[in-house]
Amino acid sequence: MNLLTESEISIALQNLPGWVYKEDALFKTFVFKDFKTVMAVMVSIAFKAEEMNHHPDWSNVYNTLNILLSTHDAGGVTSNDLKLASQIEEISNKHL
């Protein structure tokens, strides 16, 4: 898996609102209605991530979900991270 350049990442992030590139990873914070909604979103993301064999680094406190995506084996952001971010957007938008 090839690392993307900062320019490629910047262009791709134009289609992923709220996502930022920092510390060789993609990052976004989501805020949902309540804890139950966050858990539903996380379960849905977990199934998609497992299907893609690409798993996020994430943390949750009450109604907030922080997600960090990078391809550890490649040492930064690859197309897999962009694909998973896009899937996460689709899933989370159903619950916002």
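Laboratory data are not the source of any read-out in this text; all were calculated from the coordinates shown. These numbers come from a predicted model, not from an experiment. Glycine also receives a Cβ, built like all others from the backbone with ideal geometry; neighbour counts cover every protein chain displayed.
Once Lys and Arg get +1 and Asp and Glu get -1 on their Cβ, which of 15, 58, 41 lies farthest toward the positive end of the dipole of the chain? Farthest towards the positive pole: 41.
Sites listed here are GluC sites (Glu not before Pro) in the range 13-96 whose DSSP assignment is loop and whose Cβ has at most 11 other Cβ atoms within 10 Å: 23. Compared with the direct C-alpha span, the chain from residue 29 to residue 59 gains 9.8 nm at full extension, assuming 0.36 nm per residue.
Among 11, 67, 45, the largest mean-square fluctuation in a Gaussian network model of the chain (Cα springs under 10 Å) belongs to 11. Charging the Cβ of each Asp and Glu at -1 and of each Lys and Arg at +1, and nothing else, the dipole of the chain about its Cα centre rounds to 420 debye.
Legend: translational diffusion of the chain by Stokes-Einstein, Rh = Kirkwood radius over C-alpha pairs, 25 °C, 0.890 mPa s; D = 183 µm²/s. By how many degrees, between 0 and 90 and to the nearest 10, does the Cα long axis of helix 79-93 differ from the longest principal axis of the chain? Roughly 20 degrees, rounded to the nearest 10.
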